[in-house]
Amino acid sequence: MEANEFLEAVTHRLADYVASRDRRERVNPDMAPASLRRTLDVQLPIEGHGLNPVLDDLDNYITNSVKTHRAEFMNPLWGGLSLPALAGEMVAAATNNSMYTHELSPMGTLIEQTLVRRMCDMVGFPDGFGTFTTGGSNGNMLGMLCARERAVPGSTKRGFDGSSMVVFVSAEAHYSVLMAANVIGIGHMNVVKVGCDNEGRMRPEALEDEITRAIDQGLTPFCVVATAGTTVRGAYDPIGALAEVAHNSGLWLHVDAAWGGTCLFSTTHRRLMDGVEQADSVCWDAHKMMGVPLVCSAFLVKEPAVLRTLCDHTSVAHYLFHEDAENHDLGRYSLQCGRRNDALKLWLEWRARGDAGWARMVDTYMALGDHLEHLVNEHDRLEMMSARSWTNVCFRYTHPDGLENLNDLNVTIRNRLIQSGMFMVSRSNIGDDVVIRCVISNAGVSEASLQRFVDEVVQLGDDVIRGLPPKA
Ligand SMILES: Cc1ncc(COP(=O)(O)O)c(C=O)c1O
């Protein structure tokens with residue numbers, strides 16, 4: 001098979017896949033892990049099969065993948081499929097320029113610089129810079145590493161004793177902060193979880209108390225991580241007030257805006273991140289609400305020199321970095337060596353939409369979140385489980401006479417939802433309560449699809465209460 005013929009066949013499959021987003025079929029494959037393993041041939045051959053069977057393998061893969069481009073996919077904090085970004089992903093793979101040097105990625109470098117600077121402007125870091133990373137988890141880690149270098153200058157080179165260094169996060173922060181604590185060398189136990197108000201926002205007075213307590217115990221506070229859009233409830237910590245507390249104690253403030261950063265496009269909703277310009281660093285995932293394929297995420301820092309110091313290991317790489325391109329090589333601001341061009345897909349999407357298009361998207365998603373909240377509030381067998389700030393809608397099915405174990409009931413409903421393949425949403429906890437968490441982060445979602453979702457949940461809840469078995 002010739003290259004052109006092969007590529008045409010692949011493109012044809014991609015076009016079919018994109019078109020299938022409107023088809024009413026299962027969102028997830030109808031197979032348990034064991035039967036998937038038995039049914040599919042994924043063995044690696046001694047002698048290669050050649051190009052033709054690759055197309056069969058692709059067909060199998062597409063059939064057995066979760067259809068994240070469907071409106072019914074509302075499980076993690078991302079979904080949908082947008083054509084400019086898809087094109088960027090494909091071309092980035094085909095051209096395979098690596099982002100470490102300008103020499104090896106000339107236009108890619110220009111594009112990433114442009115995006116990082118624009119995102120810095122949007123958060124209010126006029127002299128800031130940053131890098132694209134593998135996600136919010138690594139963005140949080142970079143923020144904490146910068147904080148460590150600031151608190152213990154030279155720790156990048158000499159190492160440090162992290163056993164008494166503490167970082168403060170909201171009790172509802174993402175688990176990547178624990179990972180980062182491990183990697184930067186302070187350990188999980190030096191992550192202090194600060195109490196939240198009843199809407200899931202870190203309380204500045206509680207932060208102040210925790211900092212005082214840590215100092216009294218002989219510990220060394222060095223960093224606060226605020227969350228702009230928590231994973232479960234979509235709560236926004238009060239960044240301005242937290243910045244004041246952090247900076248009064250000389251601590252670095254990192255803002256985890258992996259999920260909620262996109263609010264900055266909307267004149268109506270950007271107030272959620274008021275005070276972000278006072279932060280020292282921010283991470284922001286374009287692969288969440290902005291709908292760009294995984295992975296695409298920016299780490300932004302107010303004073304780029306700290307990030308540059310963290311990446312001082314690059315100064316020994318005479319085989320890669322040279323003096324003449326000192327100010328152009330993005331590898332000097334990254335912990336990665338070979339690095340994909342994740343900027344191209346975001347840039348193309350941004351060029352296609354413009355700032356105004358992103359703003360409309362945010363406002364539309366928020367309006368759809370309002371609509372879903374309204375449907376939940378209107379229904380006597382559903383109840384909201386948290387106030388809403390963002391597009392996370394946390395609710396549960398309730399039993400009118402309150403006799404049922406609501407946690408078990410909602411676990412069963414969510415399991416049946418996944419088994420039926422009709423919708424994919426997440427199951428989470430708020431305190432001791434199990435909630436069904438739905439997020440609007442997918443351009444396919446509409447008022448009609450949300451109505452179908454609510455009807456499906458109510459139907460499944462009614463079935464469980466009546467003792468009916470799951471539908472075959
Ligand atoms: C608030 C928050 N921060 C960080 C992350 C981690 O982001 P990533 O999956 O891009 O590493 C998530 C992921 O859901 C998140 O919700």
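For the chain, what is the calculated [θ] at 222 nm in deg cm²/dmol (nearest 500), taking -39500 (n - 2.57) for each run of four or more DSSP H residues and dividing by its residue count?
Computed ellipticity for the chain at 222 nm equals -13500 deg cm²/dmol.
Could you calculate, for the range 412-472, the ratio of the Cα radius of gyration to the Kirkwood radius, expressed as Rg to Rh?
My calculation of the ratio gives 0.98.
What dipole magnitude, in Debye to the nearest 20, does the chain give about its Cα centre under +1 on Lys/Arg Cβ and -1 on Asp/Glu Cβ?
260 debye
Determine the shape class of the range 206-334: with a ≥ b ≥ c the square roots of the Cα gyration tensor eigenvalues, call it rounded for a/c under 1.5, and otherwise prolate if a/b is greater than b/c, oblate otherwise. It would help to have the intermediate numbers written out before the result.
Numbers: a/c = 2.44, a/b = 1.27, b/c = 1.93.
Judged from the Cα gyration tensor, the range 206-334 comes out oblate (a/c at least 1.5, b/c at or above a/b).
Tell me, what is the percent relative contact order of the chain, built from C-alpha pairs under 8 Å that lie six or more residues apart?
That works out to 21 percent.
Of the peptides 108-118, 266-276, 354-364, how do they stack up when ordered by the mean number of other Cβ atoms within 10 Å, highest first?
Taking the mean over residues of other Cβ atoms within 10 Å, the ranking is 108-118, 266-276, 354-364.
Bin by bin, in steps of 20 Å, what percent of the Cα pairs in the chain do you find, going until the bin that has the longest distance?
Binned Cα distances yield the sequence 22, 51, 25, 1.
Quick one: grab the alpha carbon gyration tensor of the range 129-225, order the square roots of its eigenvalues as a ≥ b ≥ c, and give me rounded if a/c is under 1.5, else prolate or oblate depending on whether a/b is larger than b/c.
It is oblate, given that a/c is not under 1.5 and a/b is not larger than b/c.
Show which aspartates and glutamates lie in cross-link reach of Lys193 when reach means a straight Cα distance below 14 angstrom and same-chain residues fewer than eight apart are skipped.
Partners within reach: Glu172, Glu205, Glu208, Asp209, Glu210, Asp237.
How about Lys157: which aspartates and glutamates have a C-alpha closer than 18 Å to its C-alpha, ignoring those fewer than 8 places off in the same chain?
Within reach: Glu149, Asp312.
Towards the positive end of the charge dipole of the chain, with charges on Cβ (+1 Lys, Arg; -1 Asp, Glu), say which of Val454, His49, Met107 has the farthest Cα.
Farthest towards the positive pole: His49.
Between Rg and the Kirkwood Rh of the range 90-349, both from Cα atoms, what is the Rg to Rh ratio?
With Rg and the Kirkwood Rh in hand, the quotient comes to 0.97.
Below 23 Å, Cα to Cα, which lysines can Lys471 reach? Residues fewer than 8 away in the same chain don't count.
Lys67
Compute the convex hull volume of the Cα atoms of the range 1-140, divide it by the residue count, and report the result per residue in Å³ as a whole number.
Convex hull of Cα atoms, per residue: 195 Å³.
Please compute the length gained on full extension between Glu383 and Asp41, using 0.36 nm multiplied by the number of residues separating them and subtracting their Cα-Cα distance. Let's see the in-between values first.
Details: separation 342, 0.36 × 342 = 123.12 nm, distance 4.49 nm.
Difference between extended and current length: 118.6 nm.
Take every DSSP beta bridge with both residues inside the range 90-349 and express the antiparallel ones as a percent of the total, to the nearest 5.
Given both bridge residues lie in the range 90-349, the antiparallel proportion sits at roughly 40 percent.
Summing +1 for each Lys or Arg and -1 for each Asp or Glu, what net charge is found among the other residues whose Cβ lies under 14 Å from the Cβ of Gly162? Can you show the working numbers first?
Details: positive: Arg148, Arg158; negative: Glu149, Asp161.
Around Gly162, the charge tally is 0.
Per residue, how much accessible surface does the range 269-399 expose to a 1.4 Å probe? Answer in Å², no decimals.
Accessible surface, normalised per residue, equals 40 Å².
How far apart, in nm, are two points set 7 Å out from the Cα along the Cα-to-Cβ line at Glu5 and at His328?
Using points 7 Å along Cα→Cβ, the separation is 4.3 nm.
Whenever you get a sec, compute what percent of the accessible area on the range 76-119 sits on carbon and sulfur atoms (1.4 Å probe). Before the final figure, lay out each step's value.
Details: 1310 of 2070 Å².
Reported share for carbon and sulfur atoms: 63 percent.
Return the distance in nm (one decimal) between the two label points of a simple spin-label model at Asp355 and Met90, each offset 7 Å from Cα along Cα→Cβ.
3.2 nm
What ranking do 324-330, 441-447 get when scored by the average of other Cβ atoms within 10 Å per residue, highest first?
Ranking, from highest mean packing down: 441-447, 324-330.
Run through the DSSP bridge list for the chain and note the antiparallel percent, rounded to the nearest 5. Before the final figure, lay out the partial values.
Details: 24 of 43 bridges.
In the chain, DSSP labels about 55 percent of beta bridges as antiparallel.
Going by average Cβ density within 10 Å per residue, which order do the peptides 221-232, 157-168 take, highest to lowest?
Descending packing order for the listed peptides: 221-232, 157-168.
Which one of Trp358, Asn140, Met422 is farthest out on the positive end of the charge dipole of the chain, using unit charges on Cβ (Lys, Arg +1; Asp, Glu -1) and the Cα centre as origin?
About the Cα centre, the residue reaching furthest to the positive side is Met422.
Per residue, how much accessible area does the range 3-67 show when a 1.4 Å probe rolls over the protein heavy atoms, in square angstrom?
That works out to 77 Å² per residue.
Taking the dipole about the Cα centre of the range 244-291, with the C-beta of Lys and Arg at +1 and of Asp and Glu at -1, give me whichever of Gly275, Met290, Ser249 is farthest to the positive side.
It is Met290.
Specify the inter-centroid distance of the range 91-162 and the range 366-425, based on alpha-carbon positions, in whole Å.
Result: 39 Å between the Cα centres.
Which part of the range 428-472 falls in the paramagnetic zone of Ile418, meaning amide N under 14 Å from the point 7 Å along Cα-to-beta-carbon?
428-429, 435-437
What FRET efficiency comes out for the pair Arg158/Thr114, r = Cβ-Cβ distance, R0 = 45 Å, nearest 0.05?
The formula returns an efficiency of 0.80 here.
Relative to the present Cα-Cα distance, how much length would full extension add between Arg13 and Asn198 at 0.36 nm per residue of separation? Don't skip to the end; give the middle numbers.
Values: separation 185, 0.36 × 185 = 66.60 nm, distance 4.81 nm.
Additional length available on full extension: 61.8 nm.
If you take the Cα Rg of the range 3-67 and divide it by 2.2 N^0.38 Å, with N the number of residues, what do you get?
1.28
Using the Cα gyration tensor of the range 263-409, with a ≥ b ≥ c the square roots of its eigenvalues, what is the shape: rounded (a/c below 1.5), prolate (a/b larger than b/c) or oblate (neither)?
In terms of gyration-tensor shape, prolate.
Hey, with R₀ at 41 Å, roughly what FRET efficiency would Arg24 and Thr212 work out to, going by the Cβ-Cβ distance, to 0.05?
Working from the Cβ atoms, E equals 0.10.
Between Leu104 and Asn429, with labels modelled 7 Å along Cα→Cβ, what's the label distance in nm to one decimal, could you check?
According to this spin-label approximation, the distance is 4.5 nm.
Using 1/(1 + (r/R0)^6) with R0 = 30 angstrom and r between the beta carbons of Lys471 and Leu58, what's the FRET efficiency to the nearest 0.05?
Computed FRET efficiency for Lys471 and Leu58 comes out at 0.45.
The values are calculated or read from the model by the stated rules, or taken from the named source; none is laboratory data. Because the structure is predicted, anything quoted here is derived from the model rather than measured. Backbone-built Cβ (ideal geometry, glycine too); neighbour counts: all protein chains shown. With ligands, DNA and RNA removed, areas are computed over all heavy atoms of the protein, side chains included. Shrake-Rupley method; radii C 1.70, N 1.55, O 1.52, S 1.80 Å.
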